[in-house]
Amino acid sequence: MKIKVVKDILGANEQIAERNRQLLDSKGVLAVNLMSSPGAGKTSLILETIKRLKGKTRLGIIEGDVSSSLDAEVIGKEGVPVVQINTGGGCHLDANMTHSALGNMPLQDIELLLIENVGNLICPAEFALGEHKKVLISSIPEGDDKPFKYPSMFHKADVVLINKIDLLPYLKFDTDAFSQAIRGINERAEIFQISCATGQGIEKWVSWLLTQMSRRQS
Amino acid sequence: MHELAITQSMLDIVLEQAEKAGAREVGKINLVIGEMTGVVDECVQFYFDFLSKGTSAEGAALSFTKVPTTARCRGCDKAFELKEFDWTCPYCQGNNMEIVAGKELFVESIEVE
Ligand SMILES: Nc1nc2c(ncn2[C@@H]2O[C@H](COP(=O)(O)OP(=O)(O)O)[C@@H](O)[C@H]2O)c(=O)[nH]1
Ligand SMILES: [Mg+2]
Ligand SMILES: [Zn+2]
């Protein structure tokens, strides 16, 4: 006997993600899912963002990168609430792990939640966490052909940050071609060029974050 | 690597449906997987063999229907398969398109006894 099913395999994850989103909404928290290859600059971006927003915006951080708890320790020193997720070697965060992390986060004291996903350009793309915005960091040393190799990630991103532009004089990277490739399959993506080393362009990224937050409050 | 989580969710759906139908055994599972998801059939098969042991789906055949990444050109409205390193429309050379297929990831049907 053949049974018609037509059920989304990630449907259960989507449902939990939706519940996370409702929880975040009820507390007035904007959640941003930061995704990239290992070493593209997720932790550096979080630190730069904290530097600019500390004292002005109440931040919270979820650290999902599996490499170690080092990132969480560095961020903890900044005096910002941080919850480390241990994926047990898993290659992505999922809605369930995020749900547990949210339980350990003082949500009533937070306006902006930055989630550092596991360093990986394939798996995290498929798993919603309950975030409001997806941000993809791509860095100059990785080369300008990344959109072609990981279309799903680039297709879903609300923002693409091109990081490490301080290295542009030394490496071959065509930022115009790169941006055009992304725009080809994702019209609405915002693309910013930044350097976490020199601070160049970070201002624009931060003002994008603030705009998203004020939009939600109005 | 996300195949482990995906295979577990897939198996959950299959077992729930099989139980609902009062099935003794699942003979075949028909999956539809878009190329854009990056899901590798062999990995799903590998995890399935492991995870399904001792369940009514143990030994079931997996059938994979792969859906190529397909775009529709916003310039000329024609649809085409997206090539790996060339994202221009083969009809008008435009480079603004909408992804219309390739993101699928679902259990289409199961065959049970
Ligand atoms: N030159 C340069 N190096 C950077 C920049 N941003 C991050 N890095 C370096 O890249 C390495 C990996 O950064 P990290 O933030 O840990 O990446 P993550 O794995 O994505 O969290 C570190 O050595 C950073 O100092 C940048 O804008 N320019
Ligand atoms: Mg990190
Ligand atoms: Zn065209």
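Numerical summary
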| quantity | calculated |
| --- | --- |
| Pairs where the first residue, in the range A:73-91, is within 16 Å of A:ASN104 (Cα to Cα) and the second is loosely packed, with under 15 Cβ neighbours inside 10 Å, C-beta under 7 Å, 6+ apart | A:PRO81/A:PRO106; A:VAL83/A:ASN104; A:GLN84/A:SER69 |
| Total residues in the range A:131-141, condition surrounded by fewer than 24 Cβ atoms within 10 Å (Cβ to Cβ) and more than 11 Å from ligand 1 (Cβ to nearest atom) | 3 |
| Exclusive hit being at pLDDT below 95 and not aromatic (Phe, Trp, Tyr), set A:GLU142, A:GLU111, A:GLU63, A:GLU116 | A:GLU63 |
| Residue match in the range A:145-156 (condition: at pLDDT 95 or above, within 16 Å of ligand 1 (Cβ to nearest atom) and assigned to a loop (DSSP other than H, G, I, E, B)) | no |
| Residues that are within 19 Å of A:GLU190 (Cα to Cα), under 14 Å from the mean Cα position of the chain (by Cα) and within 9 Å of another protein chain (Cβ to nearest Cβ), drawn from the range A:122-152 | A:ALA125 |
| Answer from A:GLY39, A:GLY64, A:GLY103, A:GLY76 - the residue that is over 27 Å from B:ALA5 (Cα atoms) and out of contact with any Cys (no Cβ under 9 Å at 6 or more places or on another chain) | A:GLY76 |
| Complete set of residues in the range B:27-66 that are within 14 Å of chain A (Cβ to nearest Cβ) and part of a helix (DSSP H, G or I) | B:GLU35, B:MET36, B:THR37, B:ASP41, B:CYS43, B:VAL44, B:TYR47, B:PHE48, B:LEU51 |
| Among residues of the range B:73-112, those that are farther than 21 Å from B:VAL39 by Cα and surrounded by 19 or more Cβ atoms within 10 Å (Cβ to Cβ), counted | 5 |
| Complete set of residues in the range A:163-183 that are within 22 Å of B:MET36 (Cβ to Cβ) and either in contact with a Gly (Cβ under 6 Å, 6 or more places away or on another chain) or in contact (Cβ under 8 Å) with a residue 24 or more places away in the chain (or both) | A:ALA177, A:PHE178, A:ALA181, A:ILE182 |
| Residue tally, condition within 16 Å of ligand 2 (Cβ to nearest atom) and either part of a helix (DSSP H, G or I) or not small (Gly, Ala, Ser) (or both), over the range A:11-38 | 5 |
| Failed condition for B:THR70, given (1) over 30 Å from A:ASP144 (Cα atoms); (2) surrounded by 16 or more Cβ atoms within 10 Å (Cβ to Cβ); (3) in contact with a strand residue (DSSP E or B) (Cβ under 6 Å, 6 or more places away or on another chain) | (1) |
| Cβ-Cβ under 7 Å pairs, at least 6 apart or on other chains, the range B:81-96 side more than 8 Å from every other protein chain (Cβ to nearest Cβ), far side surrounded by 13 or more Cβ atoms within 10 Å (Cβ to Cβ) and not in a loop (DSSP other than H, G, I, E, B) | B:GLU81/B:THR70; B:CYS89/B:CYS73; B:CYS89/B:PHE80; B:CYS89/B:MET97; B:PRO90/B:PHE80; B:TYR91/B:CYS73; B:CYS92/B:CYS73; B:GLY94/B:CYS73 |
| Scan of the range A:52-103 for residues that are of a type in the set (Val, Ile, Thr), within 14 Å of ligand 2 (Cβ to nearest atom) and in a helix (DSSP H, G or I), ordered by number | A:VAL74, A:ILE75 |
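The values are calculated or read from the model by the stated rules, or taken from the named source; none is laboratory data. Quantities reported herein were computed from a predicted structural model and do not represent experimental measurements. Because the Cβ atoms are built from the backbone with ideal geometry, glycine has one as well, and the counts that use them run over all protein chains shown.
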